[in-house]
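Comments concern the structure below.
The values are calculated or read from the model by the stated rules, or taken from the named source; none is laboratory data. Since the structure is predicted, the reported quantities are computational estimates derived from the model, not experimental observations. With ideal geometry, Cβ positions are generated from the backbone for all residues, glycine too; neighbour counts draw on all protein chains shown.
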């Protein structure tokens, strides 16, 4: 699913995507990587394609990208408000029929839409572990 070159999210972000794919299986609906300047749709499930169509997928991704700066603002806000709580890595938005997970890696993010019954605790743990492993492998902080 993920291309070999980590153009936006780097090796740690690619590791997070691989962990999400493995953890979620058929509950994964979409994967989009992003930073403030650009985004790339990596995966769209048949379920989402049937609901939105190709044009709808492109339009929705573009609209969502217009708001990604809020992920970084919110991360900074919570880091400032709760300095002893640790790093902000994930923002989760639950709707009736889908859950959105935004996983931040440095100045980029991985946007996932997942089935509403997905195990979010297991997902976040798997992504955290994969990112830490990738950082250990590359020597990144």
*Is there a residue being touching a helix residue (DSSP H, G or I) at 6+ places or on another chain (Cβ under 8 Å) and in a strand (DSSP E or B) anywhere in region 51-61?*
no
_Test: residue 67 is at pLDDT 95 or above and within 22 Å of residue 7 (Cβ to Cβ)_ = no
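Listed here are the residues, each with its yes/no results for (1) buried (at least 18 other Cβ atoms within 10 Å of the Cβ); (2) closer than 20 Å to residue 115 by Cβ.
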residue: 16; (1), (2): yes, yes
residue: 19; (1), (2): yes, yes
residue: 28; (1), (2): yes, yes
residue: 34; (1), (2): yes, no
residue: 39; (1), (2): yes, no
residue: 42; (1), (2): yes, yes
residue: 66; (1), (2): no, no
*asked:* So, in region 87-103, exactly how many residues are surrounded by fewer than 14 Cβ atoms within 10 Å (Cβ to Cβ), touching a helix residue (DSSP H, G or I) at 6+ places or on another chain (Cβ under 9 Å) and in a loop (DSSP other than H, G, I, E, B)?
replied: 1
*Subset of region 118-129 [closer than 13 Å to residue 22 by Cβ, more than 13 Å from the chain's Cα centre (by Cα) and assigned to a helix (DSSP H, G or I)]*: 122, 125, 129
